[in-house]
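Written below as structure tokens is the structure these notes are about.
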Amino acid sequence: MNPASTTLTESVSHVFIYIVALSALFLAGITATMIYFVVRYSRSRNPRPKDIHGNVALEATWTIIPTLLFLSMFYFGWTRWEQMREVPRGAMQVEVTGRQWSWSFKYPNGKVSNELRLPIDTPVRCDLHSLDVIHGFFIPAFGVKEDVVPGKHNFAWFDPTALGTYDLLCSSYCGQGHPLMIANVVIMPEEKFEEWYNTQEAASGPAHGELL
């Protein structure tokens, strides 16, 4: 994953790193505590075990602190999820249609393409539709993944910040051509995008995975 591909990618990466770091801290702490108790209270060191009657302060500490840490993970995850569902005003809208086994993209001026071509530094909202079975709209480099379900409206948005060509995959198994359901996401300078956007083209050939 390229952290510079979109601003959302960086935001999601921060949450991921935070959760992994806390999980690693818990793993190390619990493992160290288990090893300590195994050694400290082994039969050789304690031939006559003693009853433990509890410690309210200690029990409260190991209940409250982990609870607060887990709530912090929930908070950061929730706020980033809200960010992913709030589309900026003025975002370009593209209708994305998935079918066995290809993608098509329809732009506001009616232009249809088998590649998702977009201008750099411009928020884009992709309205997702399926003509047959469940597909998955997945752009790994952008950290974007949404289900595309027949009869159900869904969307994804992102703001590409790096020029280049990226893969758009289907993340839900959809039949024999599933591995070939790939399209290009081409991020272009704004002037080159406008030139392409306003140019009439002949109908393009079949997309990846489309059967003739």
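The values are calculated or read from the model by the stated rules, or taken from the named source; none is laboratory data. Being a predicted model, the structure only gives us computed values, none of them experimental. For neighbour counting, all protein chains shown are included, and Cβ atoms are generated from backbone atoms with ideal geometry for every residue, glycine included.
Residues in region 1-57 that are within 30 Å of Asp159 (Cβ to Cβ) and modelled with pLDDT under 80: 13 in all. Of Glu146, Glu86, Glu82, Glu115, all but one fail to be without any contact (Cβ under 8 Å) to a residue 24 or more places away in the chain, within 27 Å of Ser13 (Cα to Cα) and surrounded by 14 or more Cβ atoms within 10 Å (Cβ to Cβ); the exception is Glu146. Residues in region 148-164 that are assigned to a strand (DSSP E or B) and within 16 Å of Val94 (Cα to Cα): Val148, Asn154, Phe155, Ala156, Trp157, Phe158, Pro160. Suppose the filter is in a helix (DSSP H, G or I) and touching a Gly at 6+ places or on another chain (Cβ under 7 Å); does Val12 pass it? Yes, satisfied.
When region 40-79 is limited to residues that are within 19 Å of Leu27 (Cα to Cα) and among the polar types (S, T, N, Q), the one that is surrounded by the most Cβ atoms within 10 Å (Cβ to Cβ) turns out to be Ser72.
Residues that are surrounded by 11 or more Cβ atoms within 10 Å (Cβ to Cβ), over 18 Å from Trp78 (Cβ atoms) and aliphatic (A, V, I, L, M) within region 7-38 comprise just one, Leu25. Criterion first (touching a strand residue (DSSP E or B) at 6+ places or on another chain (Cβ under 8 Å), under 12 Å from Phe158 (Cα atoms), surrounded by fewer than 20 Cβ atoms within 10 Å (Cβ to Cβ) and at pLDDT below 95) does Pro108 satisfy it? It is false that Pro108 is touching a strand residue (DSSP E or B) at 6+ places or on another chain (Cβ under 8 Å), under 12 Å from Phe158 (Cα atoms), surrounded by fewer than 20 Cβ atoms within 10 Å (Cβ to Cβ) and at pLDDT below 95. When Asp121 is tested against (1) among the charged types (D, E, K, R); (2) in a strand (DSSP E or B); (3) closer than 16 Å to Tyr166 by Cα, only condition (2) is not met. What are the residues in region 165-185 that are surrounded by 14 or more Cβ atoms within 10 Å (Cβ to Cβ) and not in a loop (DSSP other than H, G, I, E, B), if any? Result: Tyr166, Leu168, Leu169, Cys170, His178, Leu180, Ile182, Ala183, Asn184, Val185. Taken together, the criteria place Thr79 among residues that are at pLDDT below 85 and not assigned by TED's automatic domain parsing to the domain that holds Thr165.
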